[in-house]
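Please read the structure below before turning to the comments.
Values in this text are rule-based calculations from the coordinates and carry no lab data. Here the structure is a predicted model, which is why all the values come from computation and not from measurement. Because the Cβ atoms are built from the backbone with ideal geometry, glycine has one as well, and the counts that use them run over all protein chains shown.
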Amino acid sequence: MNMLLAEVDPGQWMGLHPVDWVVLVGYFVVILGIGLYSYLKVSDMSDYFMGGRRFGKVFMMFFAFGAGTSSEQAVSVAAGSFRFGLAGIWYQFLWLIATPFYWIIAPVFRRMRALTTSDFFEARYNTSTATLYSFLGILMAIVFIAGGLFGAGAMIEGLAGGINPETNQPFFPAEYAIAAMTVMFVIYGFAGGLGAAIITDFLQGVLTIIFSFLLLPFALAVAANVAGTDGGFESLHQGVPNFSGEEMLSLTIDEEFAKKTGKEPITPFFVMMLSLSGLIGIVVQPHIMGVCGAGKTEMEGRVGFTFGNFIKRFCTIAWSFTGLACIVIYMTPENGMITGEMLADLNSDPDAYREFADQVFGRAAHDILPTISHGLVGLLMAALLAAVMSTCDAQMVVGSGLFTENIYRRFLVKNASKTHYLWAGRIASLGIVALALAMLTQFDNVIQVLTRYIQALPAFMGVSFWFGLMWRRYTPAAVWTSTLVTAGVWYLTQTHKPLEWMAGAGASELMQQNIDYYPAMVRHWMYALAPSIMNVKLDDAGQVLALDMRVPYQMLMYLSSGALAGVLVSFVTKPTGKEKLDHFYTLIRTPVTPGEEVDAPCTLPANPAPMETGKLFNHPDWEIPAPSKVGMVGFIGSWVMVGVVIGLLYFLRSLGG
C-alpha cells in the first residue's frame, strides 16, 4: 500500500524546498568543521576513546542525552502512541524507573579508570570474560547503529513526502538518507573519536530538544481543527472510530482491547518487566563507560548520566503526544488528512498500519510545518540527523575501542606504538559501521528493533555486571554460563526474519526453513502449554499462521534463566582470587581526584584519595557499600524528578477532558 501522498511542489527537489536544503547544508558544514577541529586534539587512545577525560558537567549532560537519544526512539514512541495510544510511551519510559539508579552507578564507572566496559570484566573476573564482553559489546554497537539508521530512514522518507505518485517511489529514499548520515558521522567520528562525539552531541542535543517540541503545538492545532474542538488536547479525549478517547489516553492496554485491535497488551506486568530489563541492561551498553568516564571527576558523570537522561524523559512526553495528535489527524474520517480507500486499508491491514506508524512523525512534519514557514522541515531534518548521528558516532567509537583495546592489542598486536593502535581503532570503526549496514536487513519495524534487539542484547551480560559489583562469590564460569543461557533462551523464544542475503546467494528453501526451525518448534510447544503468553495470528479457518512470544514473558524467561544459571554455577566453581577481588573493590571505592593520572586502565594513581569505607552490612561475600550523603541526596532528588515527569504526563493527559 502507498503511504499518504503529498502534493508535488515544482520548486522542490527530492521532496524538500530549497530553503530546507540550505538549512541542511549549513548543518553539515558545521558538523564537519567540529570533526576536523577535534582531529587536532587526538594524540593517543585515551584522547580518541575517552576524549582525554576533560569535559565538564554541561558537556557530559548533553553527551549522555545525545549518545542515548536517537531518531528511532522518537520514531518508536510516536509510532507506539499512534498504534497503542498513550500506553506507547512505555517503549521509552521503560528507563524512567531506572534513572535514579544512574546517580548511584555512575561513580563506579568513573572510578574504574577504564577505557571500555570490557576492562571492568577483566578487573572483576578474568581475560576470558573481558573477551566475551568485547564481542557482545561490538555486537551491541552494531545493532544500536543499525537501529538508529533504520528509524531515521523511515522518518526521513516521511519528512520528504512519502511516495512520489509519478514514480511510485519515495521522494527521498531511505537508502539515500542512511548513506548520507553514515558518511557524515563516520567522517567526524573517524577523525576526532569520542571528543568529536561529545562536542557534536552538545550541538546535536540542543537540536534534538528543538525537534522534540517543534512539531507538537502545530500538530495539536491541526488535530483540533480536524476534530472540530476548541483545543488539541480536547480532540484527544474525543477519539476516533475504533479508538475511543479513553483508550487513546490510557497508560495500559488490557486483554480485551488488545484482542479487538490485534495489539499486544501493555499491562503493569509489561511495564515492570521492561523497566527491570532496562535497569539490568543499561550498565553494559558499550557507550555508558564513556558517558560516565569521560568527565573530569565522578560528579560530572553523575550529573551527566542522570540529568542528561531526564531531559530525554521530558522529550519522550512530547514525542508521545505528537503520536496521539496524529491519530486524530490521519484516522478521523471525512475531515482527516487521509480518507476513503487509503483509510480503510490502514484500518484493515495491520502491516500497512505499522508501516504508516513508523513514518507518522515525519509525515506530520511534512504536511504541517511548510504551512508555517519553509525551512522548518529542513530544521527538523537537521535535528533528526543530529539525533541519529550523535548515537551512531558514540557507538562506532566505543565499539572500535572494544576491538582495539581488548581484542587487537591483547591477542593480535601486543607491543605497537600509540599511533598504531589509534589507527587500528579508526579502521575498526569502519568495519563496525559496515556490519551495522548489513544488520539493517533484519529489521521490520521500529518497535521490534527496540523490544526484541536493543532491549535484549545488553541483558545477556547485565546480570553478571550487577552480581559482580555486589557478590564476591560470582565466578568467571558463572559469567559464561549466565550469558550463554540468557542468549540461548532469547534465541529460542525469538521470531527471526529469514536471512535474505542467503537466499540471494542461492541457499536452498530447506536451509532457510532450518534457520528458524528450532525457535519455531519451541514457540509451538510454549503455545500448547501456555497460550496466554503468545501473540497468535490465525487464518480464516482458525489455523495458526504465526506465533510470537509476548515481550514481557520473553524477558522474564531469559532474565530469570540466566540469573539462576549464574548463581548455581557460582556455588560449584572456583571463585576469583582474593587479591584480585580486593584490588577491584578498592578501585571502585576510591574517589577520583581532579587531574589524577593512571599508568594503565583499572589502576590507582600514585597518590589516591582516601578509600570510602563501610558496607551496608558486614558479610565476607557481600560488597554492598553504605550509602554516602551525596549519593542519598542525589538518589532521593532523582526520584522527585521521576515524580515531576509522571505528574507532568498526568497533567497533560487531563487537559481538555
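What the table below lists for this structure:
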item	result
Relative exposure of Asp582, Asp254, judged by other C-beta atoms within 10 Å (fewest first)	Asp582, Asp254
Förster radius 25 Å - calculated FRET efficiency between Glu579 and Val413 (Cβ-Cβ, nearest 0.05)	0.30
Computed E for Asp621/Phe314 - FRET, C-beta separation, R0 56 angstrom, nearest 0.05	0.85
Amide H contacts of Lys296 (H built 1.01 Å from N, under 5 Å, at least 5 apart or other chain)	Phe55
Residue-by-residue Karplus 3J(HN,Hα) for the range 585-601, coefficients 6.51, -1.76, 1.60, Hz, glycine and proline x	6, 5, 4, 7, 10, 9, x, 7, 9, x, x, 5, 10, 10, 7, 7, x
Net lengthening on full extension, Thr127/Asn242 (0.36 nm per residue, minus Cα-Cα)	35.8 nm
The range 479-484 - phi-based ³J(HN,Hα) in whole Hz, Karplus 6.51/-1.76/1.60, Gly and Pro as x	4, 4, 5, 4, 5, 5
Gyration tensor (alpha-carbon) shape descriptor, the range 324-387, a/c threshold 1.5	oblate
Simple label model, 7 Å out from Cα along Cβ direction - Val633 to Glu175, nm	5.7
Sequence of Ile280, Ile210 once ranked by neighbouring C-beta atoms within 10 Å, starting from the fewest	Ile210, Ile280
Integer Hz, Karplus 6.51/-1.76/1.60 couplings in order for the range 427-439, x for Gly and Pro	5, 4, 4, 5, x, 4, 5, 4, 5, 5, 5, 5, 5
Those chymotrypsin sites (Phe, Trp or Tyr not before Pro) in the range 587-646 that DSSP places in a loop and that have at most 13 other beta carbons within 10 Å	Phe617
Long-range HN-HN contacts of Arg550 with modeled amide H, under 5 Å	Met534, Asn535
Neighbour-count order for Phe257, Phe314, Phe305, Phe571, fewest beta carbons within 10 angstrom listed first	Phe571, Phe314, Phe257, Phe305
Across Lys580/Lys615; Lys296/Lys418; Lys574/Lys615; Lys296/Lys629; Lys296/Lys578, pairs whose alpha-carbon gap is larger than 27 Å	Lys296/Lys578
Point-to-point label distance, Trp525-Thr371, nm (Cα→Cβ direction, 7 Å offset)	5.6
Burial ranking of peptide ranges 359-367, 625-633 (average Cβ count within 10 Å, highest at the top)	359-367, 625-633
Amide H partners (placed H, <5 Å) of Glu623, local residues excluded	Trp471, Arg472
